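Please read the structure below before turning to the comments.
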Amino acid sequence: MHLRPARPADAEAVAAVARESWHAAYGEFLSTVAVDETVDAWYDPADLREQINEGAFVVAVDDDELVAFAHAVVAGDGTRPTLTRIYAREAYWGTGVGTALLNRAVAELETDPDHEYLSVLVFANNAVGRAFYESHGFEVVGRRTEEFEGNDHEELILRAPLERFPVD
């Protein structure tokens, strides 16, 4: 397996990984329709092709198959390094690919010395995601509500010191 920067030609494969991962991670509390509609909207290949050059967008490839990805940007007014997406095919959960992608995305993200933390959102119900982030030093710093199909779902705002991530 190797990591590399995402390319525009990866857009469809990124969307496929997102769909599989969303169903696996969120299927217990989001309906199939909600997952599919959200992935269709948030992972439209045309939009992804434009986003690939924003921030650090890294993919993991195993035997010529894209199996995971991470995307980090400096959000807001340029003061908030944020991990916007990190997903892997379910068969790759627990293999270390997420850690490798997280570290690479942080290393490739253009931050400045004033940036101290990396932020991320995670569904409060997402035990796998929460455990992943907690294992990397993320702590809850806030909460918000996201609506899917008329139902409110709590999201946690997590933050970890950038210095926790190796820059290689």
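The values are calculated or read from the model by the stated rules, or taken from the named source; none is laboratory data. Remember, predicted model here, so these are calculated numbers, not experimental data. Cβ atoms come from the backbone with ideal geometry, glycine included; neighbour counts cover every protein chain shown.
Brief remarks on what is shown
- Residue, modelled with the lowest pLDDT, within region 17-32, restricted to residues that are surrounded by 18 or more Cβ atoms within 10 Å (Cβ to Cβ) and hydrophobic (A, V, I, L, M, F, W, C): Leu30
- In the set (1) in contact (Cβ under 8 Å) with a residue 24 or more places away in the chain; (2) more than 13 Å from the chain's Cα centre (by Cα); (3) surrounded by 20 or more Cβ atoms within 10 Å (Cβ to Cβ), Val35 fails one condition alone, (1).
- Subset of region 140-168 (residues that are of a type outside the set (Gly, Ala, Ser) and surrounded by 13 or more Cβ atoms within 10 Å (Cβ to Cβ)): Val140, Phe148, His153, Glu155, Leu156, Ile157, Leu158, Arg159, Leu162, Arg164, Phe165
- Qualifying residue in region 50-65 (condition: assigned to a loop (DSSP other than H, G, I, E, B), small (Gly, Ala, Ser) and surrounded by 13 or more Cβ atoms within 10 Å (Cβ to Cβ)): yes
- Looking across region 1-59, the residues that are charged (D, E, K, R) and in contact with a Pro (Cβ under 8 Å, 6 or more places away or on another chain) come down to Glu12, Arg49.
- Check on Gly98, outside any strand (DSSP E or B) and either of a type in the set (Phe, Trp, Tyr) or under 14 Å from the mean Cα position of the chain (by Cα) (or both): yes
- Any hit, region 108-115, residues being in contact (Cβ under 8 Å) with a residue 12 or more places away in the chain, touching a Lys or Arg at 6+ places or on another chain (Cβ under 6 Å) and either over 27 Å from Met1 (Cα atoms) or not in a helix (DSSP H, G or I) (or both): no
- Residue among Val106, Val74, Val128, Val97 that alone is of a type in the set (Val, Ile, Thr) and modelled with pLDDT of 95 or more: Val97
- Residue match in region 134-146 (condition: within 15 Å of the chain's Cα centre (by Cα), in a strand (DSSP E or B), closer than 21 Å to Ala68 by Cα and modelled with pLDDT of 90 or more): no
- Filter result for Val120 (touching a helix residue (DSSP H, G or I) at 6+ places or on another chain (Cβ under 8 Å) and part of a helix (DSSP H, G or I)): no
- Meets criteria (surrounded by fewer than 11 Cβ atoms within 10 Å (Cβ to Cβ), out of contact with any helix residue (DSSP H, G or I) (no Cβ under 9 Å at 6 or more places or on another chain) and over 20 Å from Thr38 (Cβ atoms)) for Pro113: yes
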